[in-house]
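> Please read through the structure below; I'll follow up with questions.
The values are calculated or read from the model by the stated rules, or taken from the named source; none is laboratory data. Predicted model only: the values in this text are computed from it and were never measured. Note that each Cβ is placed from the backbone with ideal geometry, even for glycine, and that neighbours are counted across all protein chains shown.
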Amino acid sequence: MIYTSDHHDETRRLETADLRAQLAQRIGTLVGDNQQVVTSIAGLSLAHLYEPLPPMSWLYEPSISLIVQGAKRVALGESTYIYNESRFLLTAVNLPMMTEVLQASRQQPFTSLLLRFDLSLARQLIAELKLQGTVAHEQGPGLATGPATQDLLGAMARLVDLLDKPADIPHLGKLIQQEILYRILTGPTGALFCETVLSGTRSQRTAIAINWIRENFVAPLKMDELAKMAGMGVSTLHHHFRRMTAMSPLQYQKQLRLHEARRLLLSEDLDAATVAMRVGYESATQFNREYRRMFGVPPIRDREQLRSTLIRAR
C-alpha cells in the first residue's frame, strides 16, 4: 500500500487530537474542583475551568503556556494575543498582563498547563546546541506564540505523567524539561528566547532591569541607577525596555503595583488604603484613580465582582 503525504498528515492530526484529549482528561482529574494547582514538579502548574473568565491580572514569568483545550486572550500594553490549542505562548521575561479565558464549558472545560523555565538549564542547552550566533536582533516584545507540535505536546504529556511516579521526578523531570526547551529553541521562537537569556545581549541586560523592578516594585524608581545596573545609558534602556515590555519602566512599575494590589484584594480582607500602602502608593486617592483607570471599577467593587465570577466558575 502506498501512503501519501496527505494520509501521513491526517494520521499525525488524529494522533495529536487523541494525545490532547488524554492530556485534558488527565489534567482535569489532577485539578478537580480547584481550578488551578501548583504541582510537585518545580515550575509546573495546571488549570481546568468550566466557564470563561473575564480579564484577570497575571504576572507571566519566563515560561511556556500550553492550552490543551479552549482559547485565551492576553494583553500586553496595546498589543493583544489570542491563542488556543494549536499554539503555545512563550514568555521570555517577567511581564504583567491581562488574561481572559474565552472558551470553556462543562462539556469542554478550558484546560492548560504552564511551565516556568529553568534558565540555567536553558543556557546550558543553548551552549550545547551552539546557538549563541543565532540570536535575534531588535526583537519585538519579550513574548511570542509558536506552533504546539505533536512533539512538544508529547513531551508535556510525559512531564504530567511523572506526577504519578514521584520517585522518578528528580531523575527524569529535568530530562523532559530539557526536551521541551530543545523543541522551543529549535523552533520559530528560539531566536527570541536565546537573545533574552544569553549573557551580554541587550535583551538580557534589559531583562536585568526588568527583574530588578519586578523584585523591588514598591521602592522608588531611579532611572540612573537602573541604567547603570543594566550597563546602558538611560535613553538606550528606555528604548529596549519599551521594546520588550511594550511600556516604559515607570509604566511597568505601575502595572506591577496594580496587579499586586488586585491579588491582595482577592486573597486578603484588606481595605483599599492599606493595599495602596502595601504596594508602594503614598496617596490612596491616586491609587484608587489609577486602579479604576486600569481595571474599569474601584478596588472594592472590583474585588466583589471578581470573587463572584470565580465562585461561578467552580
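> Could you list all residues from the range 190-228 that are under 25 Å from the mean Cα position of the chain (by Cα) and more than 29 Å from K130 (Cβ to Cβ)? Break it down into steps so the answer makes sense when it comes.
Residues of the range 190-228 that are under 25 Å from the mean Cα position of the chain (by Cα), as a first pass: 190-219, 221, 226.
The answer is W212, I213, R214, E215, N216, F217, V218, A219, L221, L226.
> If you don't mind, another one. Can you find, within the range 46-98, the residue that is surrounded by the fewest Cβ atoms within 10 Å (Cβ to Cβ) among those that are part of a loop (DSSP other than H, G, I, E, B) and hydrophobic (A, V, I, L, M, F, W, C)?
Filtering the range 46-98 for residues part of a loop (DSSP other than H, G, I, E, B) gives 50-52, 61-62, 70, 77-78, 85-86, 92-94.
Checking which are hydrophobic (A, V, I, L, M, F, W, C) leaves us with 92-93.
Numbers: A92: 28, V93: 23.
Per the stated criteria, the residue is V93.
> Report yes if R257 is in a helix (DSSP H, G or I), on the phi < 0 side of the Ramachandran plot and modelled with pLDDT of 95 or more, otherwise no. Lay out the reasoning, then the answer.
Working: in a helix (DSSP H, G or I): yes; on the phi < 0 side of the Ramachandran plot: yes; modelled with pLDDT of 95 or more: yes.
When the stated conditions are applied, R257 passes them.
> Mind listing whichever residues of the range 222-263 are free of Cβ contacts under 8 Å to residues at least 60 places away in the same chain and among the aliphatic types (A, V, I, L, M)?
M223, L226, A227, M229, A230, M232, V234, L237, L250, A261
> From the list Q103, Q108, exactly one residue is over 19 Å from the mean Cα position of the chain (by Cα), modelled with pLDDT under 95 and among the polar types (S, T, N, Q). Which is it?
On the way: Q103 fails: over 19 Å from the mean Cα position of the chain (by Cα).
Just one listed residue meets the conditions, Q108.
> Working carefully through the options L131, L121, find the one that is in contact with a Lys or Arg (Cβ under 8 Å, 6 or more places away or on another chain) and within 23 Å of I208 (Cα to Cα).
Values: L131 fails: in contact with a Lys or Arg (Cβ under 8 Å, 6 or more places away or on another chain).
Of L131, L121, the one residue that is in contact with a Lys or Arg (Cβ under 8 Å, 6 or more places away or on another chain) and within 23 Å of I208 (Cα to Cα) is L121.
> So, of the residues in the range 32-44 that are free of Cβ contacts under 8 Å to residues at least 60 places away in the same chain and within 21 Å of the chain's Cα centre (by Cα), which turns out to be surrounded by the most Cβ atoms within 10 Å (Cβ to Cβ)?
V37
> Across the range 274-314, which residue is surrounded by the fewest Cβ atoms within 10 Å (Cβ to Cβ) among those that are touching a helix residue (DSSP H, G or I) at 6+ places or on another chain (Cβ under 9 Å) and not in a helix (DSSP H, G or I)?
Ranking the candidates gives E282 first.
> When the range 173-189 is examined, which residues are found to be part of a helix (DSSP H, G or I) and within 18 Å of the chain's Cα centre (by Cα)? If you could, list the steps in order and put the result at the bottom.
First, the residues of the range 173-189 that are part of a helix (DSSP H, G or I): 173-185.
Of everything in the range 173-189, those that are part of a helix (DSSP H, G or I) and within 18 Å of the chain's Cα centre (by Cα) turn out to be Q177, I180, L181, R183, I184, L185.
Residue-wise test of (1) of a type outside the set (S, T, N, Q); (2) modelled with pLDDT under 95; (3) not assigned by TED's automatic domain parsing to the domain that holds A207.
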residue	(1), (2), (3)
A92	yes, yes, yes
M98	yes, yes, yes
S120	no, yes, yes
R123	yes, yes, yes
L131	yes, yes, yes
G146	yes, yes, yes
M156	yes, no, yes
L162	yes, no, yes
L185	yes, yes, yes
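> Checking the structure you have, find out if any residue of the range 232-246 is in contact with a Gly (Cβ under 8 Å, 6 or more places away or on another chain), in a loop (DSSP other than H, G, I, E, B) and at pLDDT below 95. Full working, then the answer.
Taking the range 232-246 and keeping what is in contact with a Gly (Cβ under 8 Å, 6 or more places away or on another chain), we get 243-246.
Still in the list and also in a loop (DSSP other than H, G, I, E, B): 246.
Filter once more, keeping what is at pLDDT below 95: 246.
The answer is yes; a qualifying residue exists.
> Looking at the structure I just gave you, is S267 within 22 Å of E51 (Cα to Cα), surrounded by fewer than 17 Cβ atoms within 10 Å (Cβ to Cβ) and hydroxyl-bearing (S, T, Y)? Don't jump to the end; show me each part of the working.
Values: within 22 Å of E51 (Cα to Cα): yes; surrounded by fewer than 17 Cβ atoms within 10 Å (Cβ to Cβ): yes; hydroxyl-bearing (S, T, Y): yes.
Yes; evaluated as a whole, the condition is true for this residue.
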